[in-house]
Each structure stands twice: as structure tokens, then as C-alpha cells.
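First the structure, in the form of C-alpha cells, and then the observations on it.
The values are calculated or read from the model by the stated rules, or taken from the named source; none is laboratory data. The model shown is predicted, which means the values in this text are computed figures rather than measured ones. Don't worry about glycine lacking a Cβ; one is built from the backbone with ideal geometry, like all the others, and counts go over all protein chains shown. Heads up: the accessible areas ignore ligands, DNA and RNA and are worked out on the full protein's heavy atoms, side chains in. Shrake-Rupley method; radii C 1.70, N 1.55, O 1.52, S 1.80 Å.
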Amino acid sequence: MKFIYKACLVFSFIVINCDVNGQEFYQHDTTVKVFAYGKQLPLAWCGGFNNPQFSQADLNHDGAQDLVIFEPGLGVMTLINRGMVAGLPHYAFEPKYALNFPAAYNYMLLRDYNCDGIADLFDRGGNGISVHKGYYNAANELCFAYYTDLFFDNDIHAGGFSNAYVNPGDIPGIADVDGDGDLDFVSYYITGGYMYYYRNMRVEDGLPCDSIRIKLKDKCWGKVYQGFYRTHQLGHSCDNSGLLRTGSKKTHSGNTPCLFDWDMDGDMDYLDGSVSFNEMTFLKNSRIESSYPVDTMTEQDTLWQTGGKKIEIPVWPAAFVVDVDLDDKKDLIISPNAGSGSENYNCIWYYKNNSTPGTPNWQFQSDSFLVNQAIDVGTASYPVLFDYDKDGKLDLMVGSDGYRQTSGVLKSQISLYKNTSTPGNASFELVTKDMSAIAAHNFQGAAPATGDIDNDGKTDLLVGHTNGTLSYFKNMAASDAVPPDWQLNQLELKDVNGVVINVDGNAAPFIYDIDKDGHNDIIIGSVYGFIQYYRNVSVTSGSVSFKLINNKLGKAKSDPLQNFGNFSTPFIGKIDPTGIDFLLMGSNSGNIYQYSGFQSGDTTAIYTLIDGQYAYIDSTHSQYNHPGTYSGIYGNRRTAITVGDIDGSGSYSLIKGNVRGGLEFYKRKVYVATTPSVSGVGAMNIYPNPAADLLNVSWAGDSNEMVYISIYNMTGQLCYRHEFPSLPGRAICSIANLAQGVYICHLETAGHRYYSKFSIIR
């Protein structure tokens with residue numbers, strides 16, 4: 001299926017939990033300063049990096065090239081160029097520009113195909129190479145509209161009209177290969193081995209600049225064969241039919257060729273990444289200097305750079321050419337392309353281009369470019385706000401699934417950031433990356449939770465692990481008025497029967513008196529999405545004793561339509577000015593689920609799902625958006641959240657962890673919209689929510705206009721539409737044929753629109 005994007009906005013979603021003229025929401029706040037080792041981290045809250053792909057574009061139409069970073073399955077990060085400091089690039093995290101990008105698949109590369117000076121977008125799409133045309137909207141923000149998928153038909157390919165193929169996971173080379181002024185395309189075919197060269201015939205055929213027409217020009221571009229071995233075989237060619245040479249064997253797919261002019265001689269050399277190796281092979285093109293009729297690779301360096309800093313990135317590196325320092329020379333950025341088991345901290349290698357024509361000079365600068373400017377704890381971060389130093393301000397602890405080790409396993413630790421805020425100005429400073437010497441225990445997975453679980457009046461520490469178990473660190477400090485002294489008491493916490501507590505994967509504990517008996521209990525999220533409840537049954541101070549009461553507490557579940565891989569991460573506390581505790585749960589999908597119904601202490605109750613996408617607001621909706629700001633919580637997998645008053649302002653902030661190991665910071669805001677009064681239809685209400693088979697929709701109205709009610713799923717697909725007379729101001733919609741999930745109810749009349757989100761649960 002091909003989704004056609006005709007504007008910056010696919011569909012507008014807003015959350016209505018109050019009257020139509022006002023809205024409280026969480027807004028990205030990138031102004032909160034974070035310091036480490038005496039320096040400010042300019043990208044502290046960007047969310048971290050694991051498998052980034054790099055492109056450049058002028059996102060805000062100011063004439064400067066910005067950085068666009070894409071991670072497959074996670075989406076886009078946008079970094080605005082704020083100028084150079086002492087010759088070094090300075091980028092600022094500006095997430096609002098990411099909302100203007102369409103969903104991209106496998107890879108995303110920005111190039112200008114239509115000669116208008118505006119970056120266009122290429123991704124795998126449904127066939128191999130999809131093209132989206134770039135343009136600027138009224139706010140001077142770069143947006144994209146779907147243009148075409150690339151197909152060809154010529155005499156060297158048996159079978160007629162076919163797509164330009166790119167293997168899933170591969171990244172093609174997109175550059176002006178033949179030097180005629182238009183973009184060409186190179187990618188490995190299904191079996192690997194040989195690269196196909198798709199020549200853009202726009203110039204040759206005299207087509208308008210705003211067009212692409214490709215021809216399969218060569219089935220073994222560069223005369224190179226890449227087999228199972230690191231060394232490439234040079235000097236190969238295809239026969240006249242375009243078939244592989246006789247006797248050639250099929251090989252694996254999994255390649256990331258990056259085309260660039262290494263020696264500035266006018267032809268395209270390339271770095272080739274392979275799924276089988278941690279290094280990249282460099283291949284030199286001698287077409288220009290040796291006057292070969294076609295691109296011909298004559299030299300290779302299987303461990304580039306053997307004369308400098310060798311690329312060595314587990315697993316499957318990919319290279320990207322971007323001018324990160326704006327000196328008009330394309331530099332090299334290299335990162336891991338494999339999504340599982342890859343390097344997750346030293347994962348962005350930067351080679352500066354100091355070359356002059358005929359004299360290549362690529363100088364290694366860093367293996368953690370940008371990563372060292374952010375809070376990044378490897379993979380899957382778990383933030384917790386807790387007043388560690390007892391100064392009355394909430395400090396920040398961050399655990400994770402761990403940093404990748406040379407053995408390939410993850411090793412976890414917990415970072416501690418001191419809250420250095422002044423009233424109205426939030427800030428943090430790194431104290432240590434290994435709080436309580438957690439690293440010494442070689443944990444795989446460290447999801448922290450704080451609270452008094454042994455009834456001695458001092459705050460203890462629980463750490464959840466990837467294998468589903470918990471470790472208990474007892475607070476040995478003199479009192480709870482001083483910083484905790486957490487000492488390992490039980491490597492594997494056991495229940496009242498002496499059985500190891502184990503939730504069978506990715507334990508995410510939270511300490512809270514869920515049954516209101518005056519003793520803190522333990523609730524634990526897991527890979528299965530439910531939360532398990534262990535009651536505190538200790539009878540003496542200083543001892544721990546817990547009993548499993550419910551392994552599906554409240555039947556609350558993250559990603560309820562999914563059976564496994566849900567990754568629930570519970571938080572219970574105050575999240576808004578109501579003063580009521582709510583349950584928030586992060587999830588694998590990235591959605592945050594808000595539940596109520598536990599406040600009475602009844603642990604047999606079924607909790608009420610209030611929101612399946614807590615605090616999500618599309619910032620492009622005119623009624624609820626401050627011009628020039630970014631609002632709402634969205635995106636990224638493996639969310640984990642913590643909420644609190646960071647700066648003493650009385651307003652809540654939310655910190656969100658994610659699978660990339662970084663953090664995002666959100667500040668609660670209040671916006672009073674200036675929506676004009678509506679003739680005929682007033683505020684809309686829907687009930688029940690969650691619903692099952694019928695949805696009641698009511699509105700205020702006294703006109704004879706028709707009311708149109710539509711229901712969309714979360715991908716923007718229309719699932720229901722019906723028209724009703726404005727009077728009597730209500731309608732019943734049958735939703736029995738809709739699957740369980742989260743939907744948007746859309747009411748429209750006389751040009752006015754109202755939206756409300758609801759869930760279907762049966």
C-alpha cells in the first residue's frame with residue numbers, strides 16, 4: 001500500500017479533556033540546561049542515538065544547511081544549524097520540524113532531484129526507491145509531497161516494467177554518477193554480489209528539471225563483485241543480456257554503498273558496508289584518470305582507513321556524506337546500520353574532509369560525534385526523579401538496558417544528575433555515570449525505582465533487569481534526611497515464599513502503596529505489557545516480604561492489541577493540577593497510556609483507560625498551537641516516563657526515555673485558544689470512553705444544518721462516516737465492526753470541526 005502525502009500534515013489529532021476554548025498540554029522544552037564535565041550539553045534532550053542516518057537540508061529556509069537524522073522504525077530528528085564555534089559545528093535540537101516529514105521506510109536520504117535548491121526525500125517505500133518532493137509551507141518550514149516510485153523499462157532487463165530494487169535494510173547510493181547534472185541511483189540486487197546502476201535519463205531525453213526517468217544501465221556497476229569475503233573482486237562485467245557472468249554464485253544481501261568523490265577527481269568512489277563485517281571497504285574509481293569508458297574500480301582498502309583511524313563499528317556500518325562543518329566539502333559520517341546488537345554509544349564516527357583535488361585527506365575527529373552532546377545511556381533509557389541529595393529538589397537518575405560491550409552483550413549502570421534549578425529555570429548537572437557502582441554487578445538492564453520497602457523510613461532502591469528479576473539495594477544511611485547509602489542486599493529479590501520474583505522479561509518496577517495500607521508495595525511492568533502487583537506483607541521494620549497478589553493488576557496493559565514485546569513501564573503520581581494520582585504506562589509503540597480507578601486502594605478493580613496516547617497534540621492544529629512552538633508527546637519506541645515539579649514553579653514536567661537511550665523533556669503548559677464562537681454546533685462530547693459496540697456523540701446546536709460524524713483510526717484511515725441533523729443534538733454510532741484500538745471521532749458542520757479521541761475495548 002502506498003500512502004500519498006500531499007501536505008505537511010497527514011491528519012490532525014487533538015486531545016479534548018477540557019472545554020473547547022482551553023487546553024493544558026505538555027510541550028517540548030529544549031531550554032533546560034544540562035552540564036557534564038564542566039560543559040553544557042547542547043543536545044541534552046534530543047533523545048539519543050543508536051542507528052542514525054544523516055542528511056542535510058535547509059529546514060527553516062534561512063539559507064543554512066541543517067542536519068536531518070533518521071532512524072529506521074523511529075522517525076526523524078531535526079537539528080538546526082546555529083553557526084560555528086571555533087570552527088566546530090553547533091546544532092540545536094528543534095523537534096517541530098520533524099513533524100513535517102512523511103513516514104519513511106528502511107532508509108531516508110535527502111537530495112535535490114529537481115534543480116530548485118530544495119531538498120527532496122528518498123526512502124524505500126513499497127518497492128525500492130520512493131521520491132517525495134520538497135517545498136516550503138507558509139511558515140517557511142520544509143515539507144514534502146509524494147512524487148513517484150522509480151520504475152524502469154528497457155531492453156537489457158527481461159520482464160518489462162520493473163522497480164528499481166533495494167533490499168530491505170540496505171541503503172542505496174544516490175548521486176550524480178555520470179556527471180550530467182541529474183541524480184542517478186546505485187543499489188545491490190536481491191542476491192547481493194553485483195550493484196545495479198539506474199541512470200537518470202532526464203538530461204539525455206531533454207525532460208523538464210522536475211522529472212526523473214531511469215534506465216537500468218549496468219548490472220555490475222564499477223565492475224565489482226562482492227561475495228561472502230571482505231575483499232571485493234575487481235574487473236567483473238555482465239554479458240550482453242545483462243545476466244550475471246557464468247558460474248557466479250549468489251551471495252547474501254545486506255549492503256550500504258556510500259558514493260562520494262574520495263579524491264575529488266570527478267568520478268564516484270564508494271565505501272561499502274556489509275552486514276557480515278564491522279569494517280567498511282573502500283573502492284577507488286579510475287574512470288576519469290584512466291579514461292575508462294565506464295566506472296571501473298581499480299583499487300580497494302578492505303580496512304579503511306588503514307593509514308589512519310580504521311572504521312570498526314559493530315554491526316554493519318553505513319557511511320553518509322554531509323558537510324557538517326559548512327566548509328563546502330562533504331565530510332563522512334559513519335554509523336551502525338543493524339538495529340539489534342549494534343554499538344549504541346560510540347556510534348557516530350566523524351571524518352573531516354581536508355582534501356584538495358587529487359589529494360585525498362580524510363581526518364578522523366570523533367567516534368561519538370553528537371552523542372557526547374546528549375544524555376545517552378545506550379539502549380532503552382529509564383528516567384526517575386528523586387531528591388537524592390535531600391536539598392528539596394528532584395534530581396534525575398537514568399538507567400538503561402545497557403551499553404554494548406566488545407563481547408556484544410549489554411552492561412548497565414545508572415547515571416545521576418543533580419538538580420541545579422533556580423525558580424522558573426530548570427537545569428541539571430552530571431554527578432556520576434555509575435551511581436552506587438552499579439556497573440560492578442554486570443547487570444543486563446537497570447530500570448531503577450525508589451521508595452521505602454523495608455518499612456524503616458528510609459528510601460531504598462530496586463533495579464529491574466532484562467531477564468525479569470529485581471535487585472534490592474537497602475538504604476544504609478543514618479536517616480532519610482541525608483543522601484542514601486544504597487548497598488546490595490538481595491541480588492535477586494525473593495517473595496514471601498522464597499521464590500525469586502521474575503516477570504519473565506524486562507522488569508520495570510515502581511514503588512507505591514497501591515492498596516492504601518500504609519506500606520509501599522511493588523508494581524512491575526514487563527515485556528508482556530501488564531503490571532504485576534506484589535503486596536508488602538512485612539511485619540517488622542527493616543525486613544522485606546512481598547506476596548504476589550495479581551499478575552494483571554487492573555487489567556491495565558500497554559499496547560493492548562499486542563501479545564508480546566509490549567514493554568510496560570509504570571509511573572504513578574500527580575501529573576496535572578487536579579492533584580490526583582494517575583497511572584501512566586510507557587510502551588513499545590511509544591504511546592503513553594493513562595489509567596485511573598486504583599485510587600481507592602481496591603486492587604481487584606478493573607482500571608479505566610482514560611487515554612491511549614496521553615498528552616498527544618498535533619502541533620499543526622490551529623486551535624491549539626502557539627505559532628512557532630512544538631507541543632504534544634509523540635513518537636519513539638520503548639517509552640518510560642517520570643513526572644515532577646523540576647524547578648519549583650508549581651508546574652509539572654515530564655521526562656521521557658526511549659529505545660535510543662536518550663531523554664526528552666516536556667513542560668506542562670496552558671493555552672487558551674482564540675477559537676471564534678460556532679454557529680449551530682458547540683462543544684462535542686462522546687461516551688462511553690472506552691466504548692464497545694456503540695458510541696454516543698452529543699453536541700449543542702439549534703440550527704437546521706447537517707452534522708457529519710467521521711471516525712478515523714490512528715493511521716488516518718476513514719473507518720466510519722454518517723450524517724445527522726443538528727437537532728436533537730445527539731447521535732448513536734455503531735462501531736461493532738471496528739477492531740479494538742484508539743480512534744479519532746471527527747464532527748464537522750458549516751466549516752467548523754471538532755475532534756475527540758476514544759478507545760474501543762471489548
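Mind listing whichever residues of segment 31-81 are open to solvent by less than 10 Å² (accessible area, probe 1.4 Å), farther than 18 Å from Gly378 by Cβ and among the small types (Gly, Ala, Ser)? Across segment 31-81, the qualifying residues are Ser55, Ala57.
When restricted to residues that are farther than 19 Å from Asp182 by Cα and surrounded by 20 or more Cβ atoms within 10 Å (Cβ to Cβ), segment 110-127 contains 2. Restricting to segment 508-522, count the residues that are closer than 17 Å to Thr459 by Cβ and either part of a loop (DSSP other than H, G, I, E, B) or under 26 Å from the mean Cα position of the chain (by Cα) (or both). Of the residues in segment 508-522, 6 are closer than 17 Å to Thr459 by Cβ and either part of a loop (DSSP other than H, G, I, E, B) or under 26 Å from the mean Cα position of the chain (by Cα) (or both).
Inspect segment 470-483 for any residue being aliphatic (A, V, I, L, M) and surrounded by 20 or more Cβ atoms within 10 Å (Cβ to Cβ) and give the result as yes or no. Yes.
Consider segment 705-749 and keep the residues that are in contact with a Cys (Cβ under 8 Å, 6 or more places away or on another chain) and over 30 Å from Asn563 (Cα atoms). The one that is least open to solvent (accessible area, probe 1.4 Å) is Ile709.
If I filter segment 409-444 down to residues being on the phi > 0 side of the Ramachandran plot and modelled with pLDDT of 95 or more, which single residue comes out as surrounded by the most Cβ atoms within 10 Å (Cβ to Cβ)?
Of all residues in segment 409-444, those on the phi > 0 side of the Ramachandran plot come to 424, 436-437, 442.
Retained after the next criterion (residues that are modelled with pLDDT of 95 or more): 436-437, 442.
Values: Ser436: 21, Ala437: 12, Asn442: 11.
Per the criteria, the residue is Ser436.
Of the strands (runs of 3 or more DSSP E) lying entirely inside segment 524-591, the ones with 3 or more residues being among the hydrophobic types (A, V, I, L, M, F, W, C) and in contact (Cβ under 8 Å) with a residue 12 or more places away in the chain are found at 546-550, 581-586.
Among the residues of segment 493-523, those that are under 22 Å from Val539 (Cβ atoms) and among the charged types (D, E, K, R) comprise Lys494, Asp495, Asp513, Asp515, Lys516, Asp517, Asp521.
Just a yes or no: is a residue in segment 292-312 within 26 Å of the chain's Cα centre (by Cα) and part of a loop (DSSP other than H, G, I, E, B)?
First, pick out the residues of segment 292-312 that are within 26 Å of the chain's Cα centre (by Cα): 311-312.
Those still in the list that are part of a loop (DSSP other than H, G, I, E, B) too: 311-312.
Within segment 292-312, one or more residues are within 26 Å of the chain's Cα centre (by Cα) and part of a loop (DSSP other than H, G, I, E, B).
Only one of the numbered conditions (1) open to solvent by 20 Å² or more (accessible area, probe 1.4 Å); (2) modelled with pLDDT under 65; (3) farther than 30 Å from Gly378 by Cα is violated by Thr629, and that is (3). The residue of segment 227-257 that is modelled with the highest pLDDT, among those that are touching a Cys at 6+ places or on another chain (Cβ under 8 Å) and open to solvent by 30 Å² or more (accessible area, probe 1.4 Å), is Ser237. Looking across segment 162-217, the residues that are within 26 Å of Asn51 (Cα to Cα) and among the hydroxyl-bearing types (Ser, Thr, Tyr) come down to Tyr165, Ser187, Tyr188, Tyr189, Thr191, Tyr194, Tyr196. Among the residues of segment 340-365, not one is within 15 Å of Met280 (Cα to Cα) and either more than 31 Å from the chain's Cα centre (by Cα) or among the basic types (Lys, Arg) (or both). Considering Tyr107, Tyr97, Tyr135, Tyr146, the condition of being open to solvent by 20 Å² or more (accessible area, probe 1.4 Å), touching a Pro at 6+ places or on another chain (Cβ under 8 Å) and either under 29 Å from Asn81 (Cα atoms) or of a type in the set (S, T, N, Q) (or both) is satisfied by Tyr146 alone.
Quick one: which residue in Ile212, Ile190 is surrounded by fewer than 23 Cβ atoms within 10 Å (Cβ to Cβ), at pLDDT 95 or above and either under 35 Å from the mean Cα position of the chain (by Cα) or of a type in the set (Asp, Glu) (or both)? Walk me through how you get there before you give the answer.
On the way: Ile190 fails: at pLDDT 95 or above.
Selected residue: Ile212, the only one of Ile212, Ile190 that is surrounded by fewer than 23 Cβ atoms within 10 Å (Cβ to Cβ), at pLDDT 95 or above and either under 35 Å from the mean Cα position of the chain (by Cα) or of a type in the set (Asp, Glu) (or both).
In segment 190-209, the residues that are at positive phi form Cβ pairs under 8 Å with partners that are charged (D, E, K, R), at six or more places apart or across chains, as follows: Gly192/Lys250; Gly193/Lys249; Gly193/Lys250.
Taking interchain pairs and intrachain pairs at least six residues apart, which have beta carbon atoms under 9 angstrom, with the first residue in segment 469-480 and closer than 15 Å to Gly445 by Cβ and aliphatic (A, V, I, L, M) and the second open to solvent by less than 10 Å² (accessible area, probe 1.4 Å) and not in a strand (DSSP E or B)? Pairs found: Leu470/Leu493; Leu470/Ile501; Leu470/Val503; Leu470/Ala507.
If you check Gly529, Gly505, Gly525 for being over 21 Å from Thr642 (Cβ atoms), modelled with pLDDT of 95 or more, under 29 Å from the mean Cα position of the chain (by Cα) and open to solvent by less than 10 Å² (accessible area, probe 1.4 Å), only one passes: Gly505.
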